[in-house]
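Presented below is the structure to which this report refers.
The values are calculated or read from the model by the stated rules, or taken from the named source; none is laboratory data. Given the structure is predicted, the values throughout are model-derived calculations rather than measurements. Don't worry about glycine lacking a Cβ; one is built from the backbone with ideal geometry, like all the others, and counts go over all protein chains shown. Ligands, DNA and RNA are stripped out before the accessible areas are found, and what is left, the full protein with its side chains, is counted by its heavy atoms. Shrake-Rupley method; radii C 1.70, N 1.55, O 1.52, S 1.80 Å.
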Amino acid sequence: PLTGCSPDAAGRRERAELYLAEGRTQEALLELRSALQSEPNDAQTNFRIAEIAEELGKLEDAVFYYRETLRIDPSRSDAALAEARLIAWEDAERAEQLISGVIEREPSNALARVRLSEFELVRDDAPAALVAALTALELAPDDYRAHVQLGIVRRAQVRALRIVGDAPPDALFEQALAAFDRALELAESAPSDEILQMRLERASVFASWKGHESEAEAAYREAIEATEGSDQQAVFVAAIRHARSVGNTDLRRWVLERQLAVNPEAYGAWDELAQLEDEAGGSGTAMLESLLELQPNAAQAHLLYARRLTRSGQPDQAAAHLIASADQTDDPASLLASATAMKLQAGEPEAAREVLARLETDYPDLPATNFARAQEAFASGRSEEAATILVALTERAP
C-alpha cells in the first residue's frame, strides 16, 4: 500500500508504459527502477518490473520482484500466483503455500485453481490436476486459461496411459481438442505467446493421435500462417520436429522455406534444405552456391558451403574456398581458422602452417587465431603449448 505518491515516480511510471508501448523495454525498466528508488515500497512498481523481467526470460529477477510485491502487499494474489508458477519445480513447498493461501482467501479465484492444476501436474498427480482444472472451469467458464489447462491435463492423461502400455481412448484426444478450440475462441485479446501455445498444443494433439497425420500437418501450417514476429521461431521448431518424426518431407521443406523467408540468415535451415534437395535428386551444393550469391559477405554462409564440400568428399576444395573467400567476408579470421583445421585433419601440416601464418600476420590477437594456434600445436605434438593457449583463451573470454 502507498503512504504517499512521488510526482517524480509517477512520471517515471507513465514514461515506462509509453516506452513499453513503443517496444523500448530496457528504457521502461530503467524508468521503473528509478521510480522504485523514490518509492521502494510501491507494490505495483515491483509487480510491473517482475512482469517485464519474466517476459525477458530473467526469471530470477521476476521471482525477486514478485516476492517483493508480496512482502509489501500480502493481499496481491496476482503476485503470489505468478511466483508460484515460476518456482513450482525448484521450490514446490513454497509454491503450494502460495497457491493454497490464495484459495483460502479467494475460493472463487479461477486462476488459483489453474495454478493448482499446473502444480499437481508437476507432482505427477493427473487426477488431482483434472479436479482443479474442472473446478476452474466451473468458476470461470469463459476464461480461456481454464480451457487451456483442461486441454493440457487431457494430454497428460494420454501420456500417462501410454507410459503403462495402454491405448488412450479417442475421447481423451477429442476432449483435449475441444478444450483448446474453445480457448482459442475466447482468447482474442490474450497475449500472442499464449495464443501460440494454444495453437501448438492443438497441433500436438493431432500429432500424437494415430491416424490424424493430415490434421496435424494442417494444424502446424495454420499455426505458422497465424504467427508473426519473434513467436515464429518456436512454431518453426515445433513443426520441423514433427515433420522429421513422421517423415513428412513436404511439410519439412515448406516450413524451412517459410523460415528462410523470415530469416535468410537461418543457416541451419539452409543446410537442412540442401540435404532435402540431395535426397530429392537435386543438388544441395548448388542450392548453397545460390546462398553465396545472396550473401557473399557472410562468413557463416561460406563456412556452411565448405562443410558441405567436406561432407561430399571434397576437403581440398573446401579449404581452398575458405582461403580464397576469407577477405571478402565479415569474419575472415574464422574462415582462415577453419581452413587451418581442415588442412591439419587432412594430414597437411605445412599447408596448415601457411594458412596459420596468414592468420597471425593479419589477425594476430583474435580468438580464432589463437584457437588455430592451439590446434596446430596439438597436431604437432606440442600438447603443453596447446593447453597454455587454450587456458589463456578461456581466461580472456567474457
Exercise. Quick one: in segment 90-119, which of the residues that are within 25 Å of the chain's Cα centre (by Cα) and open to solvent by less than 50 Å² (accessible area, probe 1.4 Å) is nearest to Ala146 (Cα to Cα)?
Worked result: Val114
Exercise. Pick from Arg241, Arg202: which is at negative phi and without any contact (Cβ under 8 Å) to a residue 24 or more places away in the chain?
Worked result: Arg241
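How about segment 39-65: which of its residues are more than 20 Å from Glu90 (Cβ to Cβ) and crowded, with 18+ Cβ neighbours inside 10 Å?
Pass one, segment 39-65, residues more than 20 Å from Glu90 (Cβ to Cβ): 39-49, 52.
Listed by number, the residues that qualify are Glu39, Asp42, Ala43, Thr45, Asn46, Phe47, Arg48, Ile49, Ile52.
Counting just the residues of segment 148-178 that are of a type outside the set (Gly, Ala, Ser) and not in a helix (DSSP H, G or I), which one comes out surrounded by the most Cβ atoms within 10 Å (Cβ to Cβ)? Please lay out each step first, then the result.
Kept after step one, since they are of a type outside the set (Gly, Ala, Ser), are these residues of segment 148-178: 148-150, 152-155, 157-159, 161-164, 166, 168-170, 172-175, 177.
Now restrict to residues that are not in a helix (DSSP H, G or I): 164, 166, 168-169.
Values: Val164: 6, Asp166: 9, Pro168: 19, Pro169: 12.
Residue satisfying both the conditions and the ranking: Pro168.
Please tell me if Asp124 is in contact (Cβ under 8 Å) with a residue 12 or more places away in the chain, out of contact with any Phe, Trp or Tyr (no Cβ under 9 Å at 6 or more places or on another chain) and among the charged types (D, E, K, R).
It is false that Asp124 is in contact (Cβ under 8 Å) with a residue 12 or more places away in the chain, out of contact with any Phe, Trp or Tyr (no Cβ under 9 Å at 6 or more places or on another chain) and among the charged types (D, E, K, R).
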Exercise. Within segment 251-258, is even one residue in a helix (DSSP H, G or I), of a type outside the set (A, V, I, L, M, F, W, C) and more than 30 Å from Pro332 (Cα to Cα)?
Worked result: yes
For this session: Scan segment 10-27 and give yes if some residue there is assigned to a helix (DSSP H, G or I), open to solvent by less than 20 Å² (accessible area, probe 1.4 Å) and either in contact with a Phe, Trp or Tyr (Cβ under 6 Å, 6 or more places away or on another chain) or charged (D, E, K, R) (or both), otherwise no.
Result: no
Seminar exercise, completed: Conditions (1) more than 19 Å from the chain's Cα centre (by Cα); (2) surrounded by fewer than 19 Cβ atoms within 10 Å (Cβ to Cβ); (3) among the acidic types (Asp, Glu); (4) assigned to a helix (DSSP H, G or I) -> Glu188 fails only (4)
Seminar exercise, completed: With criteria (1) surrounded by fewer than 17 Cβ atoms within 10 Å (Cβ to Cβ); (2) more than 24 Å from Glu194 (Cα to Cα); (3) in contact (Cβ under 8 Å) with a residue 24 or more places away in the chain, Glu257 comes up short on (3)
Exercise. With Ala234, Ala218, Ala179, Ala203 as the choices, which residue is under 29 Å from Arg123 (Cβ atoms) and more than 20 Å from the chain's Cα centre (by Cα)?
Worked result: Ala179
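Can you tell me which residue within segment 132-147, out of those that are in a helix (DSSP H, G or I) and either out of contact with any Lys or Arg (no Cβ under 9 Å at 6 or more places or on another chain) or of a type in the set (Asp, Glu) (or both), is nearest to Asp78 (Cα to Cα)?
Pass one, segment 132-147, residues in a helix (DSSP H, G or I): 132-139, 144-147.
Filter once more, keeping what is either out of contact with any Lys or Arg (no Cβ under 9 Å at 6 or more places or on another chain) or of a type in the set (Asp, Glu) (or both): 138, 145.
Details: Glu138: 20, Arg145: 14 Å.
Top of the filtered list is Arg145.
Table: residues versus (1) surrounded by 18 or more Cβ atoms within 10 Å (Cβ to Cβ); (2) closer than 29 Å to Leu172 by Cα; (3) among the aromatic types (Phe, Trp, Tyr).
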{"residue": "Leu200", "(1), (2), (3)": "yes, yes, no"}
{"residue": "Ser204", "(1), (2), (3)": "yes, yes, no"}
{"residue": "Tyr220", "(1), (2), (3)": "yes, yes, yes"}
{"residue": "Gly229", "(1), (2), (3)": "no, no, no"}
{"residue": "Ala261", "(1), (2), (3)": "no, no, no"}
{"residue": "Ala266", "(1), (2), (3)": "no, no, no"}
Seminar exercise, completed: Those residues of segment 69-83 which are farther than 26 Å from Asp231 by Cβ, open to solvent by less than 40 Å² (accessible area, probe 1.4 Å) and either assigned to a helix (DSSP H, G or I) or hydrophobic (A, V, I, L, M, F, W, C) (or both) amount to Thr69, Leu70, Ile72, Ser77, Ala80
For this session: Please tell me if Arg308 is part of a helix (DSSP H, G or I) and open to solvent by 40 Å² or more (accessible area, probe 1.4 Å).
Result: no
For this session: Kindly indicate the residue of segment 277-299 that is touching a Ser or Thr at 6+ places or on another chain (Cβ under 9 Å) and buried (at least 18 other Cβ atoms within 10 Å of the Cβ) and also modelled with the lowest pLDDT among those meeting that condition.
Result: Gly284
Problem set entry | Residue tally, condition surrounded by fewer than 20 Cβ atoms within 10 Å (Cβ to Cβ) and either in contact with a Ser or Thr (Cβ under 8 Å, 6 or more places away or on another chain) or part of a loop (DSSP other than H, G, I, E, B) (or both), over segment 235-247 | 1
